Structures are given as C-alpha cells and as structure tokens.
Amino acid sequence: MNMGKVVGSVVATRKESSLDGLRFMLVRHVDHEGKESGGSVVAVDAVGAGPGELVLVATGSSARQTLATDKRPCDAVIMAIVDSWDVDGKEKYKK
Amino acid sequence: MNMGKVVGSVVATRKESSLDGLRFMLVRHVDHEGKESGGSVVAVDAVGAGPGELVLVATGSSARQTLATDKRPCDAVIMAIVDSWDVDGKEKYKK
Amino acid sequence: MNMGKVVGSVVATRKESSLDGLRFMLVRHVDHEGKESGGSVVAVDAVGAGPGELVLVATGSSARQTLATDKRPCDAVIMAIVDSWDVDGKEKYKK
Amino acid sequence: MNMGKVVGSVVATRKESSLDGLRFMLVRHVDHEGKESGGSVVAVDAVGAGPGELVLVATGSSARQTLATDKRPCDAVIMAIVDSWDVDGKEKYKK
Amino acid sequence: MNMGKVVGSVVATRKESSLDGLRFMLVRHVDHEGKESGGSVVAVDAVGAGPGELVLVATGSSARQTLATDKRPCDAVIMAIVDSWDVDGKEKYKK
C-alpha cells in the first residue's frame, strides 16, 4: 500500500453503472517522512475518509477486495485511515 | 484511477477477435492541477467519451470489470467522464 | 495498452512448457507523437505481428486473455496491429 | 519480489474490517548492493518480521496468496525474511 | 516480460510455508541492447537458470502461472532462459 493525503474529490456523473454511489477521492502520495511527493491517484473511498486525512491506498486487483468495490472497474481504494506511524522508533505522524 | 484527457484514437483492424467493436482512445495523463503530463495510454472506451473530455482510466485486471471489456485482453479502460474536481476546497475543473 | 514498434525477437528453447510454440517479440515503446522512447518489453505475439509494425501491447493479467496466452506465465501480449492513429484531429501515423 | 528493510510501522484503527489484526509495516526498498533507495511501501507482515530486518515483499494479487492476506484489500506483503544474499559469487549481506 | 541477467541468489529460511523449496534469484534488468540497467528484481526460478544466464522474467499474477509458483505469494518468475535475440535484423546476443 501507499500512504497518501486526501486533498480533494472528483465528480463523475457518467460512468460504468456498477460505480454508482461510490466516492472518488483525490489522494496525493506521502512518503515515509510525511512529505507530499509529486504523484497523485484517484481512489474510491471504502472507509469514510475526509479531506486532509492520511490514508492507505491499495491498488490493482486488491482494490476490488472491499464490499464497496467488489467486481467494479476500480484500481485504487482507500482501505484504511492512518492514526500514526513511526520510523526508526520515532513517531513521524500522529492524528 | 488516473485522470486523463482524450486526445485521439487508434485504429487497429487486425486484433484479437474478442476486441472487435471496441474503441481505442489515446488518453494523456492529467495531474491534480489539470496539467497534461508527459505520459499517455491507449484505453478502451466503456462510457462514450469523446475528444477533449477529461476521464478516469482504470488499469490492470480492473480494466476488465466493465460490460465492454470483460474477459478481453484490455489493461486500460475509460470507466467515467469527469464533471469536475476540487483540490483543497477549490474547484480546479468544471466541464 | 501501450503502443510499440516490433524491433526484434527473442529465442528461448528452455522455458516453462506451457509456452512452447509462442513467439517472443521485442517491442520498443512509442509515444503518442510516434517517437520511440527508451523502454522496451518482450511480448508474446497473438496476432501475427512482424518486424517494424506498430502494435498495441496489453500487460498484466490482461495479457493472458488471448487464445495464445491463456493460463500461461506471460505478462505482455501483442493483441492488435495499429493501422493508424490521430492526435487532436491530425493523423500522426498511417500504415 | 523486492528486497526491503523494515523501518517502521503504521497504525490504522479505522479500516476495512477484513484487515483487523494485520500489522502494517513500513518497508524501504534496498537494492542488490544493499543500499536503501528512495522508495518505500506499506506491507502487511505475514511472517513475523521485526524492525531492521531485511525482507522480501510481494506485490499485486500475489500479495493476497498468504493465509494472512487472502481475499483482503492488501497489495503488498512481507512473505520472507532474508538471511543472506550474494552477487557475482560474493556475499553482500548476512544476517 | 523483461530480460534480465541472473547475478545472484537470496536465502530466506523464514518464509510463507508455501514457498518452501523455491529458489530466489537476483536478476538485473538488461535492455534490448544488452546493457544492464539500474534495476533488479528477486524472482523465483521455474526453469533451472544459473548465474550469468540471460533470462525472461514474468511479473504480477502471471508469475504464478507455473507449476513451481501456482497459488504462491510470488510476483516475479524466471520462465525462460534466453538463447539469443536480435534487433533490426542484427543478432545482439547469442548464448
């Protein structure tokens, strides 16, 4: 999984019908030091993540292993909201 | 998913027969600020996207989870047309 | 899918037996302007592509969705031969 | 698989329920010379890896082929702990 | 698939039990000109490849389509040993 920060959302009315009701969030990658890196991804939200929260994003076929995304054309899903993480024994982030 | 802009199309008469009737679109990646980045991908259109439209592209096995692409050798699909998106509470694009 | 140009082939006598009879082609990536970029991939040929032809390559599990590659350890397949493509309404390539 | 070094862990209370009880580890990529490269990934631990250990990480759908991760939205798993490796006949690392 | 050169091996005693008996090889990427590029991958050997040999590596779910790797947490497999390859009609490598 990659860590990321929810920075926005995408509205798409016209879409494959199996995607109706899902929320598309814009997530910027965050490295292990907590810095936003250049990349971003649009991920379906499976856990009720909100703007500014740090999250974990699973990609590929694993993105379909949630109740929200099963059998849908979705290749990225927010499957966890990060409370904290540490590197080399030091807390780098706490919500 | 990645955001992208439909910039063209690809014609391929000779192909795996399961792909007959599908439309191959050329999609340039667009970042969260709306800038076209260097990369592009050829994606099957599952939602009737046209030239110039901003779309979402799903890749990998998730690209086969549409009626159009099921069980076909297709690793990228346009599964939504973007109406708008926002970053940090500001609208970055509106169709 | 990515566009590419068939530039050569790879011979491998000793291989997983399910791959017997398949042709491994060396394909260089071609961008939407028609320029060969640095990267290349070895792809199984499912459509009878020859040297110099522009093709589409599907990767990942989608590379196994052809008669030639089903259930085989193959992560890249040539599934179409490109006749032409256009960008912004201008024809960039015609065979 | 990629080699990596376990440098930390991520706590996430709110997550897809199928992930309850799994440990998310922060793993930095290590190249074949043993140098930490820039990238990192969050991987589920399937083998009891601890901080500082060198491990192998499998990604994509293969990350779900362990008892711990089966059918879960997990795209990276620690599936082995590295004892040693060699390059060109020279031992590069020994635990 | 990517071409690569077997440069070493990795020993891992503690691992997911389904991986017992498999050999983990360190493979450096080789481009179509035969040059070793920077990257490397750890791949399970399905064909009896030895040090110094040029091989093909399949990744992702396709890496599990061999007798050795079926249903195992393995995302890269050596599925062929390269005898020769040519580019633009010129032989670039012969074993």
Quick check, is B:Val7 part of a strand (DSSP E or B) and more than 7 Å from chain C (Cβ to nearest Cβ)? no
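For (1) more than 21 Å from A:Ala76 (Cα to Cα); (2) among the aliphatic types (A, V, I, L, M), each residue gets a yes or a no:
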{"position": "B:Gly39", "(1), (2)": "no, no"}
{"position": "B:Ala43", "(1), (2)": "no, yes"}
{"position": "B:Gly50", "(1), (2)": "yes, no"}
{"position": "B:Glu53", "(1), (2)": "yes, no"}
{"position": "B:Thr59", "(1), (2)": "no, no"}
{"position": "B:Val77", "(1), (2)": "no, yes"}
{"position": "B:Val82", "(1), (2)": "no, yes"}
{"position": "B:Gly89", "(1), (2)": "yes, no"}
{"position": "B:Lys94", "(1), (2)": "yes, no"}
Would it be correct to say that C:Asp31 is within 18 Å of B:Val11 (Cβ to Cβ) and modelled with pLDDT under 95? yes
Which of the residues spanning region D:4-37 are surrounded by 21 or more Cβ atoms within 10 Å (Cβ to Cβ), small (Gly, Ala, Ser) and touching a His at 6+ places or on another chain (Cβ under 9 Å)? D:Gly4, D:Gly8
Hey, among the residues in region A:70-95 that are open to solvent by less than 20 Å² (accessible area, probe 1.4 Å) and touching a helix residue (DSSP H, G or I) at 6+ places or on another chain (Cβ under 6 Å), which one's nearest to D:Leu22 (Cα to Cα)? A:Val77
Restricting attention to region B:83-95, which residues are touching a Lys or Arg at 6+ places or on another chain (Cβ under 7 Å) and touching a residue at least 24 places away in the same chain (Cβ under 8 Å)? B:Trp85
Show the residue pairs meeting these rules: Cβ distance below 8 Å; 6+ apart or different chains; first residue within region A:20-35 and farther than 15 Å from A:Asp86 by Cβ and aliphatic (A, V, I, L, M); second residue modelled with pLDDT of 95 or more and in a loop (DSSP other than H, G, I, E, B). A:Leu22/A:Ala68; A:Leu22/A:Thr69; A:Leu22/A:Arg72; A:Leu22/A:Cys74; A:Met25/A:Ala49
Hits in region C:45-94 (condition: charged (D, E, K, R) and within 9 Å of the chain's Cα centre (by Cα)): C:Asp45
For region A:47-68, indicate whether the set of residues that are in contact with a Ser or Thr (Cβ under 7 Å, 6 or more places away or on another chain), without any contact (Cβ under 8 Å) to a residue 12 or more places away in the chain and of a type in the set (D, E, K, R) is non-empty. no
Condition broken by E:Lys71, with the remaining ones in (1) charged (D, E, K, R); (2) in contact (Cβ under 8 Å) with a residue 24 or more places away in the chain; (3) touching a strand residue (DSSP E or B) at 6+ places or on another chain (Cβ under 7 Å) satisfied: (3)
Any chance E:Arg64 is at pLDDT 95 or above and more than 24 Å from C:Ser17 (Cβ to Cβ): no
Could you please let me know if B:Val41 is surrounded by 21 or more Cβ atoms within 10 Å (Cβ to Cβ) and β-branched (Val, Ile, Thr)? no
Exactly one of these conditions fails for C:Thr59: (1) crowded, with 23+ Cβ neighbours inside 10 Å; (2) modelled with pLDDT under 95. Give me its number. (2)
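The values are calculated or read from the model by the stated rules, or taken from the named source; none is laboratory data. The structure presented is a predicted model; accordingly, all values stated were derived computationally and were not measured. Positions of Cβ are generated from backbone atoms using ideal geometry, with glycine treated the same way; all protein chains shown enter the neighbour counts. Each accessible area value is taken on the protein alone, full model and side chains, heavy atoms only, with ligands, DNA and RNA left out. Shrake-Rupley method; radii C 1.70, N 1.55, O 1.52, S 1.80 Å.
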